């Protein structure tokens with residue numbers, strides 16, 4: 001049966017074309033599965049949906065429906081006719097939706113400097129959020145729509161650090177405390193300050209609360225080592241300052257204890273104090289905790305007794321409950337937060353006392369205080385949560401959370417069934433490997449959530465449901481063939497190794513290792529599939545994947561964060577890289593070490609890979625400093641003596657020396673006889689040529705006194721190998737690598753440092769392309785040093801295409817304009833095309849409707865600090881520069897667009913990916 005919203009919520013034409021202010025009140029009344037799905041789709045990116053015109057709203061709703069796994073609903077939205085707008089040309093085939101949550105009712109942003117304080121008020125029957133930040137302004141927001149109510153209220157001369165809401169003379173008011181040391185009262189109905197500010201604190205006011213004392217409204221404010229009580233009606237201070245804390249009072253709340261009005265304070269020194277507001281006296285002893293400071297405080301009643309909810313230790317981040325009558329803890333600590341709890345709020349939900357807490361990682365958790373358990377999954381607020389509150393929105397309880405970026409989110413606290421089936425993302429990927437399932441290529445990812453997932457590379461969809469055998473993150477994965485089937489071997493932080501049948505989606509443990517394996521590789525030994533692991537206790541182990549048992553004793557080798565397997569003429573081997581910089585080789589059949597360890601790096605090794613190069617196995621290793629080394633596995637000799645060490649583990653040659661200053665540029669090339677050389681330049685202006693075979697310096701290339709070479713490349717001019725260098729003041733040189741003489745020099749018209757150079761051949765001409773720090777890109781003919789083209793404005797992205805069989809290059813720069821060049825002549829063919837209202841982030845070239853086009857992605861609109869940001873993709877005809885069809889809108893900033901060979905587009909927006917295909921012409 002349809003709910004009170006009737007059929008309106010399932011009428012796609014109504015949702016697309018109707019004024020959003022007509023739709024908003026209906027969303028809370030969705031009851032049937034179809035209505036809840038439509039409501040969830042509409043609420044996703046609600047601020048953007050409300051701001052868009054009907055054509056843009058149609059695109060956003062169609063995209064969001066696919067993100068919710070409702071492709072059929074997405075097609076219904078796309079089929080809606082919009083007066084004056086053409087039918088959509090592109091279809092969203094699939095999209096991921098790991099970041100969407102049906103509990104998120106609204107998200108908006110109105111604080112460019114972040115939210116510092118939050119309160120909830122009822123103004124004329126409307127629930128409003130009252131927020132403040134370091135710009136000194138107080139703002140009011142509609143919780144239903146996220147609209148700003150009236151103008152921001154100004155008065156504080158510094159940041160506003162605290163807000164509390166209540167009533168004064170029957171009118172809704174907010175009390176604020178600021179860095180200017182004042183406490184101010186605001187009439188929320190009129191948007192004006194009430195009376196003169198309260199003064200008396202000698203420093204910033206970091207906490208405020210409102211209470212009743214003998215029927216009179218009072219405000220309690222907290223600052224440095226004290227709290228003060230103010231009569232809001234008479235404007236008088238009621239008591240001398242309330243003292244006790246030895247540091248800042250960070251949080252305040254008011255309640256009744258044994259029938260007496262009490263203020264509860266949380267101090268930066270970790271202490272909690274209670275004061276009787278009638279007398280100003282301290283109630284009982286302060287109750288302390290093993291923390292450096294208290295940031296979160298809220299009060300409620302549990303089983304008839306007053307309690308306080310506070311943050312706990314910064315080590316394990318618990319939430320504590322305190323009996324305010326006895327000062328003792330109530331129940332066990334509430335655990336689950338992964339970082340410090342910074343905000344807390346309490347309310348009754350469906351007759352149950354609940355607490356809403358937020359932490360520095362942006363995670364909001366809802367707790368049933370009666371049972372001490374968490375209600376539902378955590379809410380992902382995205383960034384550090386500064387404040388939380390609970391409100392009633394149309395009869396439904398909601399949580400409000402603010403973060404340090406100024407984002408305000410409203411979450412439903414009502415439990416409902418799932419609205420849709422969003423396509424999940426890969427989550428926090430710690431390791432990945434490639435495999436095949438049923439003949440289709442897949443990528444296997446292992447995540448921080450302990451899940452192992454397989455993704456179809458063709459569609460981006462999960463090839464199998466995630467397998468969650470691990471109880472914690474999975475830092476290593478390798479794939480193998482086991483019994484003719486694809487399998488994965490995973491190592492988890494839970495100190496277990498597991499074998500996953502990728503085709504069945506089942507897993508089983510291997511014999512538990514004594515330590516977490518930080519590296520896993522697979523191989524065959526004696527005809528049986530094995531896994532090789534390197535653990536953090538320094539052992540290398542061999543595991544039979546068929547039986548799950550360890551093969552032989554552990555191979556000692558120091559802490560091993562990297563391992564690889566290879567097949568050699570002598571049989572299968574494992575190659576390990578250790579924290580000690582040593583590379584070791586092990587016989588997988590016998591478990592014996594092969595030869596002595598080789599000192600490959602002076603820093604700990606991070607990765608090891610075995611490659612087949614010209615019929616030999618090469619071990620490629622990297623260390624934590626970013627250094628890469630290559631070594632022949634059979635001979636243990638360096639593949640490139642300029643980079644690697646000798647087989648004995650000792651340096652048989654000293655490093656290449658000749659520079660006294662920091663090396664600023666390097667280029668690699670060959671002499672006319674084929675010998676490998678390197679050209680290097682340092683900050684002192686010295687340029688050297690090196691023979692990489694003998695590790696000797698051939699000589700220095702001449703430079704003028706005071707000149708500094710900042711970029712290098714190697715090219716060929718007239719059959720002769722040359723070095724091309726660019727200088728810190730715009731110079732361009734060419735030197736002969738045979739005679740070491742300067743061949744040519746030129747100077748750009750702008751004396752700016754060139755930071756990049758690339759060489760190529762165009763129509764058999766040697767050409768160099770240079771880019772300088774002020775954004776000038778130039779193309780040079782190296783044969784005669786003539787300047788071919790100049791492009792002003794930094795080019796930050798390019799893509800290659802073709803027009804009538806001629807190659808073209810499309811690019812964009814910091815001016816957010818598109819340009820098209822002929823790479824053969826260097827001529828600027830089109831541009832600047834300045835049709836984008838926001839920032840360009842990506843460009844691709846493809847064909848649509850037989851026309852060559854540039855596909856440009858970025859943001860729509862110039863206001864970029866507001867989140868979520870509207871993303872857009874525009875199409876430009878590469879032949880004419882005209883817009884080639886209507887733009888596409890996305891519910892977040894478009895960071896990447898890719899053009900697939902089959903004509904489909906891959907669009908990365910926010911945390912999600914969508915694949916679009918062009919609709920057949922009608």
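Values quoted throughout were computed directly from the atomic coordinates according to the rules given, and no laboratory measurement underlies them. Note that the structure is a prediction, hence the values are computed from the model and not measured. In this analysis, Cβ positions are derived from the backbone assuming ideal geometry, glycine residues included, and neighbour counts consider all displayed protein chains.
Observations, loosely collected:
- A simple packing score, the average count of other Cβ atoms within 10 Å per residue, orders the peptides 128-139, 465-476 as 128-139, 465-476, with the highest score first.
- Computing FRET efficiency as 1/(1 + (r/R0)^6) for residue 822 and residue 738, where r is the C-beta to C-beta distance and R0 is 41 Å, gives about 0.75.
- With the gyration tensor restricted to C-alpha atoms of the range 118-341, the semi-axes of the equivalent ellipsoid amount to 27, 20, 17 Å, longest first.
- Histogrammed with a bin width of 10 Å, the alpha carbon distances of the range 54-135 distribute as 15, 29, 22, 24, 9 percent, first bin at zero.
- Counted residue by residue at 0.36 nm each, then reduced by the alpha carbon distance between them, the extension gain from residue 81 to residue 113 reaches 7.4 nm.
- Counted by neighbouring Cβ atoms within 10 Å, the residues 14, 890 run from fewest to most as 14, 890.
- Global geometry of the range 796-922, whether rounded, prolate or oblate, following the gyration tensor of its Cα atoms and the 1.5 cut on a/c: oblate
- Convex hull volume of the Cα atoms of the range 8-102, normalised per residue: 87 Å³.
- Working note: Cα gyration tensor of the range 338-412, eigenvalues times five, square-rooted, sorted largest first, giving semi-axes of 19, 15, 9 Å.
- Backbone N atoms of the range 84-120 closer than 16 Å to the 7 Å Cα→Cβ label point of residue 918 belong to residues 87-93.
- Residue exposure sequence - 909, 250 - by fewest surrounding Cβ within 10 Å: 250, 909
- Counted by neighbouring Cβ atoms within 10 Å, the residues 262, 92, 443 run from fewest to most as 443, 262, 92.
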